[in-house]
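The values are calculated or read from the model by the stated rules, or taken from the named source; none is laboratory data. Predicted model only: the values in this text are computed from it and were never measured. Don't worry about glycine lacking a Cβ; one is built from the backbone with ideal geometry, like all the others, and counts go over all protein chains shown. Accessible surface is based on the protein model in full, side chains and every heavy atom, while ligands, DNA and RNA are left aside. Shrake-Rupley method; radii C 1.70, N 1.55, O 1.52, S 1.80 Å.
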Amino acid sequence: MSSDDHELRVSKIRNGTVIDHVRGGQALNVLAILGIDGTQNEQVSIGMNVPSDRLARKDIVKVEDRELSQEEVDVISLIAPDATINIVRDYDVTSKHRVERPCQVEGVLTCPNTTCITTEDEPVTSRFEVLDDGVRCTYCGTIVRDGIADLIGSR
Amino acid sequence: MRDDHLLTSKHLTRADIEGILDRAAEIDADPGALAGKHDGSLLGLLFFEPSTRTKMSFETAMKRLGGDVVDMGSVESSSVKKGETLADTVRVIEGYADALVVRHPRQGAAKMASEFVDVPLINAGDGAGHHPTQTLLDLYTMREAAGLDDLSVGIMGDLKYGRTVHSLAYALSNFDVQQHFISPESLQLPREVVYDLHQQGASVREHEHLDAVLETLDVLYVTRIQRERFPDENEYQKIAGEYQIDMATLEDATPELTIMHPLPRVDEIDPAIDDTDHAAYFEQAHNGVPVRMALLDQFLGGSA
Ligand SMILES: [Zn+2]
């Protein structure tokens with residue numbers, strides 16, 4: 001079976017973004033990164049734990065009428081390093097690329113250290129250096145290895 | 001130095017450190033040499049946390065260079081209390097001063113502040129983070145007393161929250177120094193710092209008791225264990241007591257052992273030790289002035 005067959009399990013979208021080859025179980029974290037919680041009438045389809053050729057089980061997230069910022073793609077790469085980002089226009093995939101692990105990520109994540117200056121009411125965007133096995137706050141040095149998804153916070 | 005600011009000791013090279021210490025030694029030998037050199041220059045002091053000695057030491061250093069200070073004053077009396085952000089405060093005071101010194105209770109505060117200003121900014125302590133100028137005067141003292149290579153240094157007390165400890169450990173990893181960290185388990189070095197020290201190839205050992213290493217040490221750097229780190233008074237008394245030193249403790253030490261402390265101390269070093277050749281902590285405090293003079297001279301355009 002080709003992966004195209006599986007993509008039919010969730011409906012096609014007209015315009016927007018398909019985030020494919022997300023590691024199984026991470027779809028809801030991808031939505032959290034995108035700040036999608038269903039309250040803004042966002043049109044979203046999700047496939048979870050779908051059999052995949054490339055990954056044993058994958059998730060797929062399709063978001064109608066939304067293209068992602070580089071910051072969002074960077075953070076998605078941390079929890080879904082094999083993901084592909086497909087931009088869809090009028091039912092056609094107009095561009096498709098794998099996410100790349102960046103050297104650092106800005107915004108989106110919140111430092112878990114409550115005494116870090118970035119958690120104060122200052123005009124500063126959070127910034128994390130990407131390590132081989134985690135992320136590190138550029139301001140206070142805190143390293144997070146497990147639970148990066150838990151840092152996707154109040155934005 | 002590679003940077004326009006002094007935020008941590010992490011990126012200081014051996015050459016950076018030795019350059020400052022050499023300059024400080026020259027100033028120490030001839031205190032009048034730089035008198036009036038920075039006539040008319042102003043140093044902005046922004047202390048968001050109470051500090052007497054670090055602030056006075058910077059003030060003295062600046063005045064000895066012929067300059068003066070503008071002081072934000074205490075947080076209670078300033079606009080910070082009205083909710084002004086640190087980013088705004090430094091941008092305003094930058095307009096008055098040629099360089100800024102910032103102490104703040106939050107980790108990363110100096111780094112963030114430095115991103116908003118064009119003048120040199122010196123971190124004088126950011127929460128449990130870093131305190132690089134203390135480190136430079138610590139290294140100066142250590143070099144005078146024991147040299148900086150082929151050395152065994154014990155660092156004892158609150159290693160978790162002690163910013164002077166973190167900064168010192170980073171800087172010492174530039175030298176041929178065996179670092180021994182002695183603390184109760186709950187106050188061990190942050191794992192992040194241990195990770196960095198290993199990355200830098202430093203020789204690091206952690207111990208729960210001083211007697212395991214005391215006889216091998218050339219330098220013992222003592223820091224205070226604060227009461228608020230423990231929920232229970234009895235537990236505090238019991239644990240802190242194990243990391244206090246007196247004449248009896250020193251029976252197992254070498255006669256050359258140098259004892260340092262960033263001060264203020266409360267009861268972690270028995271005053272009986274003050275009059276022995278081991279005690280270097282008052283000398284250490286005095287060294288803050290020449291070391292900060294050397295630093296300020298460099299940041300204000302020393303070689304010009
Ligand atoms: Zn942080």
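Some notes on this structure:
- Karplus (6.51, -1.76, 1.60) ³J(HN,Hα), θ = phi - 60°, over segment A:136-153, in Hz, Gly and Pro reported as x: 9, 4, 5, 8, 10, x, 4, 9, 10, 9, 9, x, 4, 4, 5, 7, 6, x
- Inter-site label distance for B:ASP149 and A:THR114 at 7 Å from Cα along Cβ, in nm: 4.7 nm
- Rounded to the nearest 10 degrees, the inclination of helix A:70-79 to the longest alpha-carbon principal axis of chain A is 90 degrees.
- Value of [θ]222 nm, deg cm²/dmol, for chain B, DSSP H segments ≥ 4, -39500 (n - 2.57) each, nearest 500: -10500 deg cm²/dmol
- 5 angstrom amide H check on B:VAL70, placed H, neighbours 5+ away: B:LEU43, B:GLY44, B:LEU45
- Among the lysines of the protein assembly as shown, pairs that are 8 or more positions apart or on different chains and have alpha carbons within less than 29 Å of each other number 24.
- In segment A:81-125, burial by the other protein chains removes 10 Å² or more of 1.4 Å probe accessible surface, compared with the chain on its own, from A:ASN113, A:THR114, A:THR115, A:ILE117, A:GLU120, A:ASP121, A:GLU122, A:PRO123, A:VAL124.
- Charge dipole of the protein assembly as shown (Cα centre as origin; +1 on each Lys and Arg Cβ, -1 on each Asp and Glu Cβ, all else neutral): 1600 debye, rounded to the nearest 20.
- Packing around the peptides B:114-124, A:118-128, B:238-248, taken as the average count of other Cβ atoms within 10 Å per residue, puts them in this order, highest first: B:114-124, A:118-128, B:238-248.
- Taking every protein chain into account, the accessible area of segment B:132-285 amounts to 43 square angstrom per residue (probe 1.4 Å).
- Cα gyration tensor category, rounded, prolate or oblate, for segment B:9-168 with a/c compared to 1.5: oblate
- Efficiency of FRET from Cβ geometry, B:GLU283 and B:ALA212, R₀ 22 Å, rounded to 0.05: 0.20
- Cα→Cβ-extended label distance, 7 Å offset, between B:MET56 and B:ALA35, nm: 2.3 nm
- Near A:GLY25, the amide H atoms lying under 5 Å from its own belong to A:ASN49, A:ASP59; only residues 5 or more places off or on other chains count, and H is placed 1.01 Å from N.
- Cα gyration tensor shape for segment B:129-185, rounded if a/c is under 1.5, else prolate or oblate: oblate
- ³J(HN,Hα) computed for each position of segment B:113-119 - Karplus, 6.51 cos²θ - 1.76 cosθ + 1.60, integer Hz, glycine/proline x: 4, 5, 6, 9, 10, 9, 7
- Förster-model FRET efficiency, 56 Å R0, B:TYR236 and A:ASN15, C-beta, rounded to 0.05: 0.35
- Shape call, segment A:3-98: gyration tensor on alpha carbons, a/c limit 1.5: rounded
- A straight line joining the Cα centroids of segment B:1-61 and segment B:224-247 runs 33 Å.
- Pairing chain A with chain B buries about 1500 Å² of accessible area. This figure sums both sides and uses a 1.4 Å probe.
- Cα→Cβ-extended label distance, 7 Å offset, between A:ARG54 and B:ALA15, nm: 4.6 nm
- B:ARG106 long-range amide H proximity, modeled H, under 5 Å: B:GLY127
- Rolling a 1.4 Å probe over the protein heavy atoms of the protein assembly as shown, with every protein chain left in place, gives an accessible area that is 44 percent carbon and sulfur.
- Heavy atoms of the protein chains alone define the surface here; on that basis segment A:3-98 has 51 Å² accessible area per residue at 1.4 Å probe size.
- Remark: segment B:14-21, residue by residue, has Karplus-estimated 3J(HN,Hα) of 4, 5, 4, 5, 5, x, 5, 5 Hz, where x stands for each Gly or Pro and the curve is 6.51 cos²θ - 1.76 cosθ + 1.60 at θ = phi - 60°.
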